[in-house]
Amino acid sequence: MTSTMNTDIKRLPTHPGEVLKEELEVRNISQKTFSECTGISYTMLNEILNGKRPVTSDIALIMEAALGISAELLVEMQSRYNIIQSRMKPNMKQQLEEVRKMSASWLV
C-alpha cells in the first residue's frame with residue numbers, strides 16, 4: 001500500500017463559517033437574531049462565522065435545522081479545513097516525513 005496523499009496545498013479550503021455567514025447575509029438574518037433563535041451564544045456564533053472557531057457536529061446539526069444546510073457537509077468542510085491547517089503548521093512536513101521513513105516497513 002503506497003501513500004497517494006497530495007501534500008502540495010494549492011488552495012486553502014473554505015471554513016464552513018464563511019458559508020454560514022454568507023447564508024445569513026443573503027437571508028437578511030442578523031447574527032443577533034440567529035443567536036437568539038438557535039440558542040448559540042452571540043460570541044460563539046460570531047467566532048464561527050469569522051473562522052475563529054470550528055463548526056462542531058452539534059453546531060452543524062443546529063445549522064441544518066435552522067437553515068437546511070447539510071450537517072454532514074458542514075462537518076466535512078470543517079474537517080478539510082482542519083487537515084490543511086495542520087499540514088501548514090511549522091515542522092509538520094518534516095515530522096510526517098520522519099514518521100513515514102520510520103514506519104515504511106509496516107506498509108509493505
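Annotations for the structure displayed:
- Contacts under 8 angstrom Cβ, first residue in segment 61-88 being free of Cβ contacts under 8 Å to residues at least 12 places away in the same chain and assigned to a helix (DSSP H, G or I), partner open to solvent by less than 60 Å² (accessible area, probe 1.4 Å) and of a type in the set (S, T, N, Q), 6 or more apart: Glu64/Ser70
- Any hit, segment 23-35, residues being part of a helix (DSSP H, G or I), surrounded by 11 or more Cβ atoms within 10 Å (Cβ to Cβ), touching a residue at least 40 places away in the same chain (Cβ under 8 Å) and among the β-branched types (Val, Ile, Thr): no
- Positions within segment 36-59 being part of a helix (DSSP H, G or I), crowded, with 18+ Cβ neighbours inside 10 Å and over 11 Å from the mean Cα position of the chain (by Cα), in sequence order: Leu45, Leu49, Ile59
- Among the residues making up segment 69-108, those that are surrounded by 13 or more Cβ atoms within 10 Å (Cβ to Cβ) and of a type in the set (Lys, Arg) are Arg80, Arg87.
The values are calculated or read from the model by the stated rules, or taken from the named source; none is laboratory data. Quantities reported herein were computed from a predicted structural model and do not represent experimental measurements. Cβ coordinates were reconstructed from backbone atoms using ideal geometry, including for glycine residues, and neighbour counts include every protein chain displayed. Note: areas computed on protein heavy atoms with side chains; ligands, DNA, RNA excluded. Shrake-Rupley method; radii C 1.70, N 1.55, O 1.52, S 1.80 Å.
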